[in-house]
Amino acid sequence: MTTFLPSDLLRIVVAQVDCVRGDVAGNAAQVRGIRAEAARQEADLIVFPELFLSGAPLGDLVLDPSLEEACRAAAIALAAETATGPALLVGTPWRDGGRLFNAVLLLADGGISAVRFQVEANGAAEPFAAGPMPGPVPFKGIRLGLPVGADIVTGDVCECLAETGAEILVVAAAEPYHRAVHDARISAVVARVVETGLPLLLVNQVGGEDGRVCDGGSLALNGDRTLAMQLPNFQERVRMTLWQRFETGWRCMEAPVAERSEREEADYGACVLGLRDMVRKTGRSGAVVGLSDSLGSVLTAILAVDALGAEHVQCLVFPTAAAAEPAVQEVARRLGLHCLSLPLAPALDAMEGLLAPALGETPQSDTALGGRLRGLLSGAVADASGALALAACNRTDLALGRAASESAGDFAPIRDLFATEVVTLVRLRNRWKPPAAKGPDGEIVPAALLVRSSGDDPPPSAESDAILAGLAAGAGISAMQAQGFDGADVERIARQVAQAGRSRRRAPPGVGLARRPGAAGSFPFTSRFQDEG
């Protein structure tokens, strides 16, 4: 029977948790809470995601020097508490030699034991400096390699760590969700394990900021490429893993391997998480959603209930023949929503009278005017209750300029879904309830509403959405024709897209689902950071 010495065993707690951008004190308090529980389990090390103390992405907040100062003070205080109990691996902005780095700190034995900087920083949205090639960090007789986030995309950093004696690669990440994220992540991890022969543990953040959603999905691979650990996506988890040293190197011997949500289920999970955190991190009381027979509004209402619970969702209906129909009322009943009825006719008459001197003989569409009025009323109800006004605009309607009546609001959880994908997610939710969803089990949307969907005018078209997707990916008309699409249809849709810029600019932000080149954001409006001198 093999006997393992204490130096041959390592208990690592994986903290796949959410943080709040700018809430340095709150994030540090969360570290302390997790550490207290891990100490009771006799953990050796707790690994947190990238930039956990500051939150990520930082946008223009990274330019505020007082943020780094607050993170540094919090890290020093946390380090002083590690004289006994588990060590901490925590991500934070860190200034050194006049330059700002994306760093991970090893806090152990009552101090800051080691600092390592991200090397592959040139493509990041935040203006971090690129760090030097790192060497391994000694910890309890083990040499840890600490790549940061994007450092595992290419092989240079991990290869350098392996050549200088690293025994385990531990990666803190805050990688946002997109539909190909798992394949890209697992490809990078496998490549680094194959190149170095070392086991790799990746801890990814979970949570949303301004519609950017990190999906979690933390994982570990042993040196022989076997999957040793996998945490679920879109759910917070704090889990213990047990590592042992053999003659052939370290292996993760005990760890959870959970199921992942994939494809449409993953899109749905991202929308729910992005909506939940948008409400929670902006300090809103809940959400306001207008409900009609449009499947976009129906899906938005379902997402809101799944994210927040029916008691935190205010449903508005604007009486018309469609909004009052039994199928729409049944959706509200199954969701447990009490709907506030706001008749538009008197207000429309008054607005038309007020606008008559300005518009003269210029016709004003009742649909367009009613859409603006619905947005105004939703915003007023949301402001009065401290809630978030949700818009039901989808990617198809935004691209084609058809979203004027659905684009008013603070946040659009389905903004990155094509109209056909909206239908797909409604059908999915009728047969499947996501983990931790606060909505009801079973069918929510009656078949009659799914089949007819008269609120979508024209109805969703798979061909139209496929053309839009191709144009968004940069394909030209000739390339789309070569794929079998009708040239006249492609030209017509391309013209509509070109003319719809004003409608898209008016639309609120939403959950990102597709992979796009990132850009530095403006000052983030979900930040809780305050400079306290």
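The values are calculated or read from the model by the stated rules, or taken from the named source; none is laboratory data. In this text the structure is predicted, and so the values were computed from the model without any measurement. Note that we place each Cβ from the backbone using ideal geometry, even for glycine, and neighbour counts take in every protein chain shown.
Some observations on this one:
- Pair list, Cβ under 9 Å, 6 or more apart: the stretch 32-49 residue in contact (Cβ under 8 Å) with a residue 12 or more places away in the chain and within 23 Å of L200 (Cβ to Cβ), other residue polar (S, T, N, Q) and in a strand (DSSP E or B): P49/Q16; P49/N204
- Only listed residue being of a type outside the set (D, E, K, R) and not assigned by TED's automatic domain parsing to the domain that holds D60, chosen from T226, T196, T282: T282
- Elements of type strands (runs of 3 or more DSSP E) in the stretch 60-160, at least 3 residues being farther than 24 Å from G22 by Cβ: 111-117, 137-139, 142-145
- Hits in the stretch 255-294 - residues which are part of a loop (DSSP other than H, G, I, E, B) and either modelled with pLDDT of 95 or more or over 27 Å from P319 (Cα atoms) (or both): A255, P256, A258, E259, R260, S261, E262, T282, G283, R284, S285, G286
- Within the stretch 26-43, one or more residues are among the small types (G, A, S), outside any helix (DSSP H, G or I) and over 22 Å from the mean Cα position of the chain (by Cα).
- For L275: the one exception among (1) in the same structural domain as L219 (by TED's automatic domain parsing); (2) crowded, with 24+ Cβ neighbours inside 10 Å: (1)
- No other residue among E254, E247, E265 is closer than 30 Å to L390 by Cβ, surrounded by fewer than 24 Cβ atoms within 10 Å (Cβ to Cβ) and of a type outside the set (A, V, I, L, M, F, W, C) apart from E265.
- Qualifying residue in the stretch 200-207 (condition: outside the structural domain of A436 (by TED's automatic domain parsing), surrounded by fewer than 23 Cβ atoms within 10 Å (Cβ to Cβ), not hydroxyl-bearing (S, T, Y) and not in a strand (DSSP E or B)): no
- Residues of the stretch 20-54 classified as touching a strand residue (DSSP E or B) at 6+ places or on another chain (Cβ under 7 Å) and either buried (at least 24 other Cβ atoms within 10 Å of the Cβ) or not small (G, A, S) (or both), total: 17
- Scan of the stretch 83-111 for residues that are surrounded by 19 or more Cβ atoms within 10 Å (Cβ to Cβ) and aliphatic (A, V, I, L, M), ordered by number: A87, L88, L89, V90, L100, A103, V104, L105, L106, L107, A108
- Scanning the stretch 424-447 for residues that are at pLDDT 95 or above and either in a helix (DSSP H, G or I) or within 26 Å of A469 (Cα to Cα) (or both) yields T424, L425, V426, R427, L428, R429, N430, R431.
- Selection within the stretch 168-199: residues that are basic (K, R) and farther than 24 Å from L53 by Cα. The member of this set that is surrounded by the fewest Cβ atoms within 10 Å (Cβ to Cβ) is R179.
- Only one of the numbered conditions (1) part of a helix (DSSP H, G or I); (2) at pLDDT below 85; (3) among the acidic types (D, E) is violated by D456, and that is (1).
- Scope the stretch 262-293; condition hydroxyl-bearing (S, T, Y) and closer than 13 Å to L417 by Cβ; matching residues: Y268
- In the stretch 496-507, the residues that are outside any helix (DSSP H, G or I) reach residues that are modelled with pLDDT of 70 or more with C-beta atoms within less than 6 angstrom, at least six apart or across chains, in these pairs: A500/L400; A500/G401; A507/C393; A507/L398.
- Of all residue pairs spaced 6 or more apart or on separate chains, those with beta-carbon atoms under 7 Å, a first member in the stretch 464-492 that is of a type outside the set (A, V, I, L, M) and a second member that is surrounded by 16 or more Cβ atoms within 10 Å (Cβ to Cβ) and outside any helix (DSSP H, G or I) are D465/F418.
- Looking across the stretch 221-244 at every residue that is in contact (Cβ under 8 Å) with a residue 12 or more places away in the chain and under 12 Å from L198 (Cα atoms), the one that is farthest from the chain's Cα centre (by Cα) is identified as G223.
- Residue count for the stretch 245-298, restricted to those that are among the β-branched types (V, I, T) and without any contact (Cβ under 8 Å) to a residue 60 or more places away in the chain: 2.
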